[in-house]
Amino acid sequence: MSPGGWARDLRMGLRFAFSGGREGWLRVTLTAVGVGLGVALLLLSTALPNALSVRDHREKARSDYTYAPTPPPRGDDTLVIADTNTTFHDKDVRGRLVEPEGPKAPLPPGVDRYPARGEMVVSPALERLLRSDDAALLRQRLPYKVVGTIHESGLIGSHELAYYAGASGLADRIDGSQVARLKEYGSPNPVAERADPVLMLLNLVVIVVLLMPVAVFIAAAVRVGGERRDRRLAALRLVGSDSAMTRRIAAGEALAGALLGLVLGAGFFWVGREVAGSVEVMGVSVFPSYLNPSPLLAALVAVAVPAAAVLVTLLALRGVVIEPLGVVRTAKPARRRLWWRLLMPVAGLALLAPMIGKGRGNGDFNQYLVTGGVLLLLVGVTALLPWLVETVVARLGSGGVAWQLAVRRLQLSSGTAARMVNGIAVAVAGAIALQMLFAGVDADYTKDTGKDVQRAQMQLSVPDGRSVTAESARFTATKGVRRVIALSEGSLGDAAWGAESGPEKSTQVTVGTCAALREVAALPTCRDGDVFALSGSEYDQDATALATPGRVLHFSPRSDEGTDVTWTVPAGVRRADSVVDPTGMRRGGFLLTPSALPAKAAAQVGGQLYLSLDPAVPDAAEYVRNVAVSMDPLQNPSVWSATERSRGYDSIRTGLLVGAVCVLALIGASLLVSQLEQLRERRKLLSSLVAFGTRRRTLSLSVLWQTAIPITLGLLLAMAVGLALGAVLLRMTGTAVTVDWTSVLSMSGAGAGVVLAVTLLSLPPLLRLMRPDGLRTE
Amino acid sequence: MIAPAGSLLAAHDLRKAYGPTVALDGAEFSIHPGEVVAIMGPSGSGKSTLLHCLAGIVPPDSGSITYDGREMATMTDAQRSALRRSEFGFVFQFGQLVPELTCVENVALPLRLNGTSRKEAERAALGWMQRLEVDDLRGKRPGEVSGGQGQRVAVARALVTGPRVLFADEPTGALDSLNGERVMELLTDAARSTNAAVVLVTHEARVAAYSDREIVVRDGRSRDMERAV
Amino acid sequence: MSIGHTLLGLLESGPRHGYDLKRAFDEKFGHDRPLHYGQVYSTMSRLLKHGFVEVDGIEAGGGPERKRYAITDAGITDVEQWLATPEKPEPYLQSTLYTKVVLALLTHRDAADVLDTQRAEHLRSMRILTDRKRKGDLADQLICDHALFHLEADLRWLELTAARLEKLREAVVAP
């Protein structure tokens, strides 16, 4: 066949697709919407890596590296910058106090000029937030005048809350962590962070798992309207086109839907991109401009989708003989053979098998092997399902009329039924595997902080030079604070800390009122002036050795210029057992009541306030933060939580959840479309069944069975393959294989829910079709 | 009005419109047990609508239909469906056999809808298929049999429940005259043997000739020719 | 129907008595009207005169029905010619029914009534024929079908006329 003939036939098919009247347009539109949604999802996933890397670059470009061991000297090209991040209503606000030290001080990305003292430039989102009614507490905390905005290049998301505020006198606070002098923004010595191979694996699997059903879906979408098309093709044969030509014309028709779908997909993607710029998921937002798919991948989509449409159509017509007087499905379709269908998942497992037991420590997983293996396993689902449905349905026994109608229909066209649920089966299999993988590595990425959130929910340090008692009192008086545990902490060594060798032995010292000290140790009696030596700590073994009365110990100075302050272990030192303190630890060393601390040593201990909040006051944390900031703009009290989870893990999980919901919804929509089409085809039959008294319930039930049987089989297969894949992936990461049955069931439940929803949604049209009007022929 | 004495199914002053199209405009009808009545008339005259109303498939806009002394309008949809299942049988022109069921399963379907066990229903179905000379088709699907055979299967299905009224809407419409007549013979023979009444909608005089009398519908009005003559 | 040709045809299978001829004719073709002996006699004597048959023998007792007739070669040729000649389709241009309809229209009577009554009558005949057909053998069926198709043709004309009554009224009444 010459390429010219191909082109001619495809073109003819294209023309047919658009000249089929209202019905033709409807079919093309349905196909196009299906393909379009798939294309949009494809484009989005090709754009996602790009979006993440753009975010990453922006983040790096504006970073203020504060950890230089020796800050550069003051010059006309330096600035001092202080990290004043805060949190407002669970949203992080990136805050910086800046003080340029000369006209040539570098500007951060997205900022035109430095704000003067008392002024700030803000991100658009923060500006909106500050103007809103419920941000009064935030306005109090940021009492600066807004004089400008930070442009997109200085932000990592459309919803990011950020500000730069002018300040003065920051140089005194340079500490190598929170405050620093800079000559330039950006990481001074960028090191490519080595990606965690397990996180990479997760990413890879998520993308494959999400894209597979989309591919299956697109394949199904180009077959919308198959039965009507068959009749048209027969008419073509009647007027003299040969069999091969007819197939190519049919492919051309599918191509029309696919091409229109590409256009729609680009449109959907464009809209989705704008929408993506206006939403924030799990505290992460992006700018639409981030979501530019890489041109290569976009081109690949643009070529692959129409090509796939043509291929799928030709493949689908393989078992069909188009005769001039009608379309004949090969009378007895060859029984589906099992061996090559089994080959796929087995090959997939074989690809993954060498990586079993590799774990996190042994370098990267081979991306091609992982992708190939997962892909083959999932494609295996689509290959096995038709066989499974055919085999099982052929053996289904008798039952009620509804059951019989459904089973017979499935026996006659089990392929159609299997195709309909393929997408869902693949999505569920992939999702189950991922859920297992997540649940398995959950322990690795979720750390127990050990903090006792019952006793305290916030913690902050009292700045040096402030009275712990006074600040404690201020917080006790703050709205929403129930109790303040004030503990000053420092270290004691057996020699002067500034000396050449430093102390050989050292221990902790905690200063606080009797009430506060009782939070860290069991004290039968306690009066001001008492001193206790703690036992029970697991790692502070020196305390017992140092706790001999009369021994002179040296306080660790809090800054380099600090003087050496000594303390003699008093005769009245008593032993006490430590208990788990609010931070979840058992501390050791000495406990001193306030008057036992030498006055000179007051500067050698740093005050820590542990705050217990009143849950009845919703904004308690905000009040605390405001008081803290008024005490010192550099304060950022931390909020405790019982566990900490790695961010990377969180966003993957979110991605999976959103993706799975999108894919299932998409597949549900296509199921509905083909279901309705099937019902329309049977309109006459349905009416006549109703005429001779068939209960609507019977027919509705048979429609339900008709989807429920293949779906159940599909879900069972999906569970088997998903569990197998999940187990292999877990073994690859070196994690013990455990099955999270709740998530397996919930994913299967979601799949079943889609079927139920589709059946319910197709009931009203079914009932309408069952009206006797369908019998009218005139 | 009171239905004519001894009539099994009777209708009085039926009116039915589909939107602006008037299908029935005061039609009358009555049939006795064992009687075959042809409803004739040009296409679009309302023949099929009259049949659909009589069978309780389509409710008329006004007028009364009594079956066995009961007024159809007072029955619920479920009751009318049950009536169609157990007391009526139907044969249509086409599109009535379920393509995925075998012929014997198709014939057994009405019995199964009534709750008869599958085995028993299929045995009864086979009996009727023998009478209609299509018992050799039992395992075939409707797509594999000829039009005349399919129509005989449909007749067997209509008769399998032992209906008291058989509704046939152009039952030979899709058949050649030889097959059409054979179907009509078998249909009327079978109906007579069970004393079932047959309401036969047709526009073919030779099919109508299998009836005992005819009713002509023109512009939605019926004319009972026996009474007119 | 040509009785002469029919009897000649019956003789082709072998010589027969006049009585046999009548019986064979009645059995096969005389469903509506059996032949009288007189008809057989007069037909046979005409055929004798034309030389299409000859007398093969006479049985004792005399009478025309006792004569045995045999077909001649000329007779066979004649039958052949007859069978080969198509019958002239009868157009029925002067239909009584048409006249009745037009008259009804002219006299402002209900022409539809005329048609309906006629349809009922036609159907009555068709019912009788259908009934006979069902009870009879293949020959009965073919003969009845012939009549049924003719009646059906009439009925089609009736339906068509009924549908065009208004136009017909305009055509015949107006000028």
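Per-structure values
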item: Test: residue in segment B:2-21 that is among the hydroxyl-bearing types (S, T, Y), modelled with pLDDT of 90 or more and within 20 Å of B:L200 (Cα to Cα); result: no
item: Criterion violated by A:L725 - all others in (1) modelled with pLDDT of 80 or more; (2) over 25 Å from A:V389 (Cα atoms) satisfied; result: (2)
item: Counted residues, segment A:691-713 - those being open to solvent by 20 Å² or more (accessible area, probe 1.4 Å), more than 22 Å from A:R771 (Cβ to Cβ) and within 14 Å of another protein chain (Cβ to nearest Cβ); result: 1
item: Residues that are of a type in the set (S, T, N, Q) and either open to solvent by less than 40 Å² (accessible area, probe 1.4 Å) or within 8 Å of chain A (Cβ to nearest Cβ) (or both), drawn from segment B:70-113; result: B:S81, B:S86, B:Q93, B:Q96, B:T102, B:N106
item: Condition check for A:I81: hydrophobic (A, V, I, L, M, F, W, C) and within 28 Å of A:L460 (Cα to Cα); result: yes
item: Lone qualifier among C:L168, C:L151, C:L155, C:L115 - being open to solvent by less than 60 Å² (accessible area, probe 1.4 Å), touching a Ser or Thr at 6+ places or on another chain (Cβ under 9 Å) and within 9 Å of another protein chain (Cβ to nearest Cβ); result: C:L151
item: Cross-chain or 6+ apart pairs with Cβ under 8 Å, segment B:193-207 first and more than 12 Å from chain C (Cβ to nearest Cβ), then open to solvent by less than 10 Å² (accessible area, probe 1.4 Å) and basic (K, R); result: B:V201/B:K47
item: Hits in segment B:135-186 (condition: under 14 Å from B:P110 (Cα atoms) and surrounded by fewer than 17 Cβ atoms within 10 Å (Cβ to Cβ)); result: B:G162
item: Test: residue in segment A:92-102 that is open to solvent by 40 Å² or more (accessible area, probe 1.4 Å), part of a loop (DSSP other than H, G, I, E, B) and either of a type in the set (A, V, I, L, M) or modelled with pLDDT under 80 (or both); result: no
item: Positions within segment B:39-67 being among the polar types (S, T, N, Q), more than 14 Å from the chain's Cα centre (by Cα), surrounded by 18 or more Cβ atoms within 10 Å (Cβ to Cβ) and within 11 Å of chain A (Cβ to nearest Cβ), in sequence order; result: B:S45
item: Residues satisfying the stated conditions in segment A:103-120, i.e. assigned to a loop (DSSP other than H, G, I, E, B), at negative phi, free of Cβ contacts under 8 Å to residues at least 60 places away in the same chain and open to solvent by less than 20 Å² (accessible area, probe 1.4 Å); result: A:A105, A:V111, A:P115
item: Segments classed as strands (runs of 3 or more DSSP E), wholly inside segment A:479-566, with at least 3 members that are at pLDDT 75 or above and either within 21 Å of A:D577 (Cβ to Cβ) or hydroxyl-bearing (S, T, Y) (or both); result: A:481-493, A:506-511, A:531-535
item: Near pairs, Cβ below 8 angstrom, 6+ apart or cross-chain, from segment A:674-690 (within 14 Å of chain B (Cβ to nearest Cβ)) to any residue that is open to solvent by 10 Å² or more (accessible area, probe 1.4 Å) and of a type in the set (F, W, Y); result: A:K684/B:F94; A:S688/B:F92
item: Residue list for segment B:187-203, filter: open to solvent by 10 Å² or more (accessible area, probe 1.4 Å) and touching a Gly at 6+ places or on another chain (Cβ under 8 Å); result: B:R192, B:T194, B:N195, B:H203
item: Residue under evaluation C:V55, criteria (1) under 18 Å from the mean Cα position of the chain (by Cα); (2) in the same structural domain as C:E12 (by TED's automatic domain parsing), criterion not met; result: (1)
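The values are calculated or read from the model by the stated rules, or taken from the named source; none is laboratory data. All figures in this text were calculated on a predicted structure; none of them were measured in a lab. In this analysis, Cβ positions are derived from the backbone assuming ideal geometry, glycine residues included, and neighbour counts consider all displayed protein chains. Surface areas here come from the heavy atoms of the whole protein model, side chains and all, with no ligands, DNA or RNA. Shrake-Rupley method; radii C 1.70, N 1.55, O 1.52, S 1.80 Å.
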